[in-house]
Structures are given as structure tokens and as C-alpha cells.
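A short write-up of the structure that comes next.
Here, each number is a calculation from the coordinates, and none is a lab measurement. Just so it is clear, the model here is predicted, and its values are computed rather than measured. So basically every Cβ, Gly included, is an ideal-geometry build from the backbone, and we count neighbours across all protein chains shown.
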Amino acid sequence: MADENPSKFLNCVQPSVVNLFKYFVILNKNMLKLGLSINDLRKMCTKASKVRKEHNQVFGLQFPNCTYLCFLVMIVFISILVKVLFLETVVKNALGTRCVLPNNYFVWEATRPVTDCSMCKDVTNVTLLANVSRLEFQKYAYSPQPMLVKGAALHWPAMQAFSYHFFKDIYETIEGAYESVEEECQILTFKTEFKSLQEVFAMSEARVQQHEGEQPWYVGWMGVEWQTVTVVARSNCHPEVLGMMRRYYSAPHFLPEDAEHAHMDYIFIGYQQGAVMHMDYISRLMWQAQLRGRKRWTLVPPPECSAVCRGLSFQVDPGDVVLLDTRQWYHDTVVDSSEMSVTVSSEYG
């Protein structure tokens, strides 16, 4: 099961931070191999969080940080052993295929800060905005409140231009485009069997159009790197590809003028099941523009906030822009009906 001797996890006599991180990485790899679901992880992390909050009251002890980290590792490791010993089948499909989650997702999840539940305490629905100006948006700009700006991207040329064949033509006509994705970018293949963007663009036309009997598909990949403030595209994967794509859309017009923009954008395209329930480990708030199709978002508060917050669900139509702190809300997406969904997503803060 493990890449190294499990007894090493119990050796907590003055371990170095470096060694602890190595143990987390090893543990993460094993969890991915076992196919543990996010719900399993959340339960483990909730238990670990309770131990951290209660150890002073229960034991009357002050554990040094390194000891606590080791204790956390032991809790998660024992939880894995229990699952392996008492469950014959592990649900491997919960994680999908390569790149559904980042390789160190479980490390991030196990060590993320406890959420301040005020971010979701009184949230019962998504905040709907329409025809909002930059000035009007200022009071919402950096809020964890889920927001939906109706029709904000309707004027983008990408609304008509972006499609499966648009992207396929770009990557097949520009030399080195596929290689740049493999070497410098991240592709998310979710529950599909694809291993590369080249495989995505090699599928049959019947599957592209989701004819009866064809397997659904949904993928995403890194698109654009932005410079801060000026919002100028520059090379991250392939400069010519990025330059062509960037002609068709821009950052939402209502975002603060002094906002810093992320170094990458993502394109998401496909049918039916989108992203499984997860939390993003990114630097800033997220925006996502729905260019084609309709997508239903489901948001769930982190486990430590489940007693004071509630989940919610909402639909996003073509031209709408979602704004959400995906670092604090667990979320999944489902593409409505059999219509293809195309979105572009990035960060700001």
C-alpha cells in the first residue's frame, strides 16, 4: 500500500518540517492510488480539526507544532488503514482520471486553515446582479458572497466564436501547440479516458456532438497568463495560441480597475457532469463566464461551517458571469441537458 514503511509515520521525535512534508506527499500519493473520495477526506479532516481544538481540554497538554502535525498524519493514516481493512471496494471513479484534482490536493485539504464561517452564515442564495458598473460593483468586489452577473459577457466575440472546432483548428494548425500544453500547461480530463489535449481533439464527430449512445465528455485546460492591473496577455503555454484566443474576450468590465489578475485562465468544454465536488487551492477569487450552454452550480460550505451555513444551487445561462470564492466554498458543476457547455475562467483579487 505505501511507498515507504508506515511505521515512519509514528516517528515523531523532533521531526524536521521537510520530513513532515515528505510524509504528507507520500500519504497523498497513497490516497490517490486508493481512490478515496472527497467526502472521505472531509470526514477525516473534520476529525483532525476537532482533535486540535479539544486536545488542551481533554489532555491538559500543550503539544508543540511538530507533534501536532505528526498526530494529524497519524489520524489520517489510521483512517486510511480502517477504510482499506473494512471496505472491499474503493470508489476509484470518485476522483476521475489524471488531473481531476492536483497531485497534492489531499495535502492542501488536510492542512488548510479553518474557515471563518461568517463568510456563509447568512447566505441563502446567489446574489443576482445585472448591468452592473465598476462603481456599483465596488461593494461586492472582494466578498465571499456567491454572485451571478447576468449577461455580462454577451458582447464578447467569444460567445459566437468559441467551440470545440474553434479550439481544434487552433491547436492543429499552429506548430508546437499540443507540445506546449503537455510541457507547460495543465489539462483537466475529469471522468474521461483522455490523457492529452491531442486525444480530446481526435474524438469522433458523433461523440463531439453527443449523438445517442456516445459517451459524455468534459475537459479543461490552462489558457492565458495575465499581467497584473494592465490585463495584457503574454505567453504561458504557446504565445500564438494565446494571442488568438485573447482577441475574443477580456476580463469582466466591472472588476476593480486596480485588481490583480491571475497568471492563468482556463477553458472548460463538454457535456453532462462537469467538475466533481471540490475546493480550489488558488491565490484569488474566481470568475467564470458561460459562453455556451447552461451549467448548474452546487455550493456546499466547509464541514466546520455545516452547523451555521447551508448549501445552495443555481443555474448559469449563456453570457452570465459567476464570481465565487472557491477557496472557501466546495462546489461542483453539471451541464444541463445535452447542450455543449463552453466557459472561460480566471482569478482576480
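Could you line up Asp122, Asp336, Asp116, Asp325 from fewest to most neighbouring Cβ atoms inside 10 Å?
Numbers: Asp122 9, Asp336 15, Asp116 12, Asp325 20.
Fewest-to-most Cβ neighbours within 10 Å comes out as Asp122, Asp116, Asp336, Asp325.
3J(HN,Hα) along the range 291-304, derived from phi through the Karplus expression 6.51 cos²θ - 1.76 cosθ + 1.60 where θ = phi - 60°, amounts to 9, 9, x, 10, 9, 9, 9, 10, 10, 10, x, x, x, 5 Hz, with x in place of Gly and Pro.
Amide H to amide H, with H built 1.01 Å from N, Asp265 comes under 5 Å of Gly223, Val224, Glu225, counting only residues 5 or more places away or on other chains.
Between Asp169 and Ser338, what's the calculated FRET efficiency when r is the beta-carbon distance and R0 is 22 Å? Round to 0.05. Let's see the in-between values first.
Values: r = 24 Å, r/R0 = 1.07.
Taking R0 as 22 Å, the efficiency between Asp169 and Ser338 is 0.40.
Apply 1/(1 + (r/R0)^6) to the Cβ-Cβ distance of Glu193 and Ser306, taking R0 = 30 Å, and write down the FRET efficiency to the nearest 0.05. Display every interim value, and only then the final one.
Details: r = 35 Å, r/R0 = 1.16.
It comes to 0.30.
Remark: Phe137, Phe190 ranked as Phe137, Phe190, counting other beta-carbon atoms within 10 Å and listing the fewest first. When each of Leu323, Leu154, Leu135 is scored by the number of other beta-carbon atoms lying within 10 Å, the sequence from fewest to most is Leu135, Leu154, Leu323. Debye calculation, C-alpha points only, no solvent: report log10 I(q)/I(0) for the range 117-348 at q = 0.10 Å⁻¹, in the same order as the q values. Debye output, listed in q order: -0.45. Remark on Arg292: its backbone amide H falls under 5 Å from those of Val342, a criterion applied only to residues 5 or more positions apart or on other chains, H modelled at 1.01 Å from N.
Inter-label distance, Tyr142 to Lys121: 2.0 nm, where each label sits 7 Å from its Cα along the C-beta direction. Once R0 is set to 22 Å, what does the formula 1/(1 + (r/R0)^6) return for the Cβ-Cβ distance between Glu214 and Thr298, expressed as a FRET efficiency to the nearest 0.05? Working from the Cβ atoms, E equals 0.30.
For Arg327, the residues whose amide H sits under 5 Å from its own are Asp280, ignoring neighbours fewer than 5 places away on the same chain, with H placed 1.01 Å from N.
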